[in-house]
1. If LEU103 satisfies every condition in (1) surrounded by 13 or more Cβ atoms within 10 Å (Cβ to Cβ); (2) of a type outside the set (Asp, Glu); (3) more than 14 Å from the ligand (Cβ to nearest atom) but one, which is the exception?
2. State which residue is farthest from ILE79 (Cα to Cα) when the search covers only the range 96-124 and only residues that are small (Gly, Ala, Ser) and free of Cβ contacts under 8 Å to residues at least 24 places away in the same chain.
3. Under 6 Å by Cβ, and 6 or more places apart or on different chains, what pairs join a residue from the range 45-63 that is touching a residue at least 12 places away in the same chain (Cβ under 8 Å) and open to solvent by 20 Å² or more (accessible area, probe 1.4 Å) with one that is assigned to a loop (DSSP other than H, G, I, E, B) and away from the ligand (no atom under 14 Å from the Cβ)?
4. Among the helices (runs of 4 or more DSSP H) lying completely within the range 1-83, list those that include at least 1 residues that are of a type outside the set (S, T, N, Q), within 11 Å of the ligand (Cβ to nearest atom) and under 17 Å from LEU95 (Cα atoms).
5. May I ask you to list the residues in the range 157-178 that are farther than 16 Å from ALA142 by Cα and either in a helix (DSSP H, G or I) or not aliphatic (A, V, I, L, M) (or both)?
6. Restricting attention to the range 206-226, does a residue exist that is outside any helix (DSSP H, G or I), touching a residue at least 60 places away in the same chain (Cβ under 8 Å) and out of contact with any Cys (no Cβ under 6 Å at 6 or more places or on another chain)?
7. What do you reckon, is LEU92 open to solvent by 60 Å² or more (accessible area, probe 1.4 Å), at negative phi, aliphatic (A, V, I, L, M) and more than 15 Å from the chain's Cα centre (by Cα)?
8. Just give me the residues in the range 115-152 being surrounded by 19 or more Cβ atoms within 10 Å (Cβ to Cβ) and in a loop (DSSP other than H, G, I, E, B), in sequence order.
Amino acid sequence: MSATVLVVEDEPQIQELVAVNLEHAGHRVLRADNAEQAERSIRGELPDVVVLDWMLPGESGLAFARRLRADARTRELPILMLTARAMEADKLAGLEAGADDYLTKPFSPRELVARIKAVLRRRAPQHAGDRIEVAGLQLDPAAHLVTAGERRLELSPVEFRLLHFLMTHPGRVYTRSQLLDQVWGDHVYIEERTVDVHIRRLRKALEPSAHDRLIDTVRGAGYALRAA
Ligand code: CA
């Protein structure tokens, strides 16, 4: 699994510890020392998950989490809070502010990596790296392999990411613009009909095993992968 993780932590040693361990686990790490820097970083690029320290100079991690939840662009952004406070009431406040999970300091780097994976699996399954199967079509993100029984299907990197996203979100309809954000990346300016071109290529790639029928065109809305 590989995700872009924004680490917001003012203590240099902890920031380093978190960043190094996440990088070892295969993630790409962006860093910020406070909420203001984090906000600037998010404006430039939407990460896949945020590791957010509660006690920050200036705006607290808690207040920042609340703001992220109130903004349409970051409403769904997974947040893992780091806190030195172990008291139950504080944990509840963190979860109420919109954190997906929290980790109490001191924590083991191994646990951090595992929790990030769990948060991603829940909130952004396309980044969790799990093998998936829908109606006999199998996708293995680690091996970058799509198979149907014994047959191996050939997909380009974009078609692979598109299929991966759709397979991890079966039964939901996505507009072209949502697919651009999710598959091509936020803040990437590409014409929406590019999506149609790649959906067409994806269907063609899935034709040998007849799995092209899994991909539905929803008129006036977008595309969906039929739930198994
Ligand atoms: Ca701190």
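1. If we test LEU103 against (1) surrounded by 13 or more Cβ atoms within 10 Å (Cβ to Cβ); (2) of a type outside the set (Asp, Glu); (3) more than 14 Å from the ligand (Cβ to nearest atom), just (3) comes out false.
2. By that ranking, first place goes to SER108.
3. That search, which allows pairs on different chains as well, returns LEU46/ASP186; ASP48/ALA3; ASP48/ALA124; LEU62/ALA97.
4. 61-70
5. LEU166, HIS169, PRO170, GLY171, ARG172, TYR174, THR175, ARG176, SER177, GLN178
6. Taking every residue of the range 206-226 in turn, at least one turns out to be outside any helix (DSSP H, G or I), touching a residue at least 60 places away in the same chain (Cβ under 8 Å) and out of contact with any Cys (no Cβ under 6 Å at 6 or more places or on another chain).
7. Yes.
8. Answer for the range 115-152, where residues must be surrounded by 19 or more Cβ atoms within 10 Å (Cβ to Cβ) and in a loop (DSSP other than H, G, I, E, B): ALA124, ALA128, PRO141.
The values are calculated or read from the model by the stated rules, or taken from the named source; none is laboratory data. Note that the structure is a prediction, hence the values are computed from the model and not measured. Neighbour counts are summed over all protein chains in view; Cβ atoms, including those assigned to glycine, are modelled from backbone coordinates with ideal geometry. What goes into the accessible areas is simple: the full protein's heavy atoms, side chains included, and nothing from ligands, DNA or RNA. Shrake-Rupley method; radii C 1.70, N 1.55, O 1.52, S 1.80 Å.
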